[in-house]
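To start, the structure under review is shown below, and the notes come after it.
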């Protein structure tokens, strides 16, 4: 059975929640509708005419891309302009376009983690914090014979984490009372009769990012027709999420050696560097896309080198003076997300027994060529 568009995006947003995006980022559904079955999803870095033609050939119903197809407010849609023709083609072929940008950069396992993993970085931390997951306390009352199933569902949905400890909960035995009224279909008891049932009060921690998923999982596992549960906001912070990553390299290498690793890991033929090629490096920072304004963040994190795109002349001079090396493999290295996101979404769909296919775009959208 094919997944509906809303279900596909719900899985995508479990991985890269919209709340992770920086303010005013152009994310979400930009073209088309999600109120349809999705037979195939195409994962792309950019939405160009060549990518749209690929989606048509693949019979894809949805493109999930990293870079917005509509970045600035549109004064008009004229179909005799390049942008207008692109939008017209997408609409005529009923291809929806959904954008995951900085939320995908920030997410655990997102673009910056993919980049860090590609060169073997360990013990990574965000360069620039943009989101702290808020915590809530979830309390639910379940009959004794279903308490374990309800706890298991909550834990599998991401609830119950305190620091590095998982499956955290507190459980109290008590008696629940209720009277099923006319029209109800009670799991326990009879209509019009007051019932007293031995129940377990289950308390656990739920990060806001998985709140919806956890509540839905709890409701599915609970046997009652009407589930009694509470959600309390807590004045506590949990994990912090952010742009970029800083971490240790697998072993000390020279800038020249790291350049060769970067070219291979990110599939780029050439790159620009700032710094002495023979300098030894032990700690690196990576940031997908344009990272010129994050040089200071990399220095503060103790990185010997920052790997990012779109480095300008003056930033290069500032970095040289500050004593940090730079490797600029270009903005397009974010293409690493195509295969990475495709694999994650494909796995999530398969876990739910949906037959919607997911493919990574094979189109090279790098606009620069070397002469």
### Summary
Counting only residues that are assigned to a strand (DSSP E or B) and surrounded by fewer than 19 Cβ atoms within 10 Å (Cβ to Cβ), region 96-123 contains a total of 2
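Residues are listed down the side, and each one gets a yes or a no for (1) more than 18 Å from residue 337 (Cβ to Cβ); (2) assigned to a strand (DSSP E or B); (3) in contact with a helix residue (DSSP H, G or I) (Cβ under 8 Å, 6 or more places away or on another chain):
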residue: 33; (1), (2), (3): yes, no, yes
residue: 43; (1), (2), (3): no, yes, yes
residue: 63; (1), (2), (3): no, yes, yes
residue: 75; (1), (2), (3): yes, no, no
## Note on the structure
residue 300 vs (1) without any contact (Cβ under 8 Å) to a residue 12 or more places away in the chain; (2) farther than 26 Å from residue 129 by Cβ: all pass except (2)
### Residue in region 261-276 that is touching a helix residue (DSSP H, G or I) at 6+ places or on another chain (Cβ under 6 Å), crowded, with 20+ Cβ neighbours inside 10 Å, touching a residue at least 60 places away in the same chain (Cβ under 8 Å) and not assigned by TED's automatic domain parsing to the domain that holds residue 289 present
no
#### Entry: Filter result for the condition that a residue is under 14 Å from residue 112 (Cα atoms), touching a strand residue (DSSP E or B) at 6+ places or on another chain (Cβ under 8 Å) and without any contact (Cβ under 8 Å) to a residue 24 or more places away in the chain, over 306, 287
306
### Summary
Taking region 160-170 and the residues there that are surrounded by 13 or more Cβ atoms within 10 Å (Cβ to Cβ) and at pLDDT 90 or above, the one that is farthest from residue 231 (Cα to Cα) would be 167
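Going through 175, 184, 240 one at a time, which residue ends up being out of contact with any helix residue (DSSP H, G or I) (no Cβ under 6 Å at 6 or more places or on another chain), closer than 30 Å to residue 148 by Cα and in contact (Cβ under 8 Å) with a residue 40 or more places away in the chain?
Residue meeting the stated conditions: 184.
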### Task
With the checklist (1) under 30 Å from residue 3 (Cα atoms); (2) part of a helix (DSSP H, G or I) in hand, flag the one item residue 358 doesn't pass.
(2)
### Message
Every residue in region 131-151 that is in a helix (DSSP H, G or I) and either without any contact (Cβ under 8 Å) to a residue 60 or more places away in the chain or touching a strand residue (DSSP E or B) at 6+ places or on another chain (Cβ under 6 Å) (or both), please.
### Response
144, 145, 147, 148, 150, 151
#### Entry: residue 39 being surrounded by fewer than 21 Cβ atoms within 10 Å (Cβ to Cβ), without any contact (Cβ under 8 Å) to a residue 24 or more places away in the chain and not assigned by TED's automatic domain parsing to the domain that holds residue 288
no
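What residue, of 214, 157, 228, is at pLDDT 90 or above, crowded, with 19+ Cβ neighbours inside 10 Å and in contact with a strand residue (DSSP E or B) (Cβ under 8 Å, 6 or more places away or on another chain)? Outline the logic, then answer.
Details: 157 fails: in contact with a strand residue (DSSP E or B) (Cβ under 8 Å, 6 or more places away or on another chain); 228 fails: crowded, with 19+ Cβ neighbours inside 10 Å.
Matching residue, one of 214, 157, 228: 214.
Residue under question is residue 8, and the condition is that it be in contact with a strand residue (DSSP E or B) (Cβ under 7 Å, 6 or more places away or on another chain) and in a loop (DSSP other than H, G, I, E, B); does it hold? I'd like the intermediate steps shown before the answer.
Working: in contact with a strand residue (DSSP E or B) (Cβ under 7 Å, 6 or more places away or on another chain): yes; in a loop (DSSP other than H, G, I, E, B): no.
No, not satisfied.
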### Task
Pick out, from region 218-335, the helices (runs of 4 or more DSSP H) lying fully within it that include 1 or more residues that are under 30 Å from residue 42 (Cα atoms).
255-266
### Message
I'm trying to understand the selection: among the residues of region 1-18, which are in contact with a helix residue (DSSP H, G or I) (Cβ under 7 Å, 6 or more places away or on another chain) and either without any contact (Cβ under 8 Å) to a residue 40 or more places away in the chain or surrounded by fewer than 16 Cβ atoms within 10 Å (Cβ to Cβ) (or both)?
### Response
18
## Note on the structure
residue 258 passes all but one of the listed conditions (1) at pLDDT 95 or above; (2) touching a helix residue (DSSP H, G or I) at 6+ places or on another chain (Cβ under 9 Å); (3) buried (at least 17 other Cβ atoms within 10 Å of the Cβ); the exception is number (2)
### Task
Consider residue 69 carefully, then state whether it is touching a helix residue (DSSP H, G or I) at 6+ places or on another chain (Cβ under 9 Å) and closer than 25 Å to residue 107 by Cα.
yes
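The values are calculated or read from the model by the stated rules, or taken from the named source; none is laboratory data. Remember, it's a predicted structure, so these values are computed and weren't measured experimentally. Cβ coordinates were reconstructed from backbone atoms using ideal geometry, including for glycine residues, and neighbour counts include every protein chain displayed.
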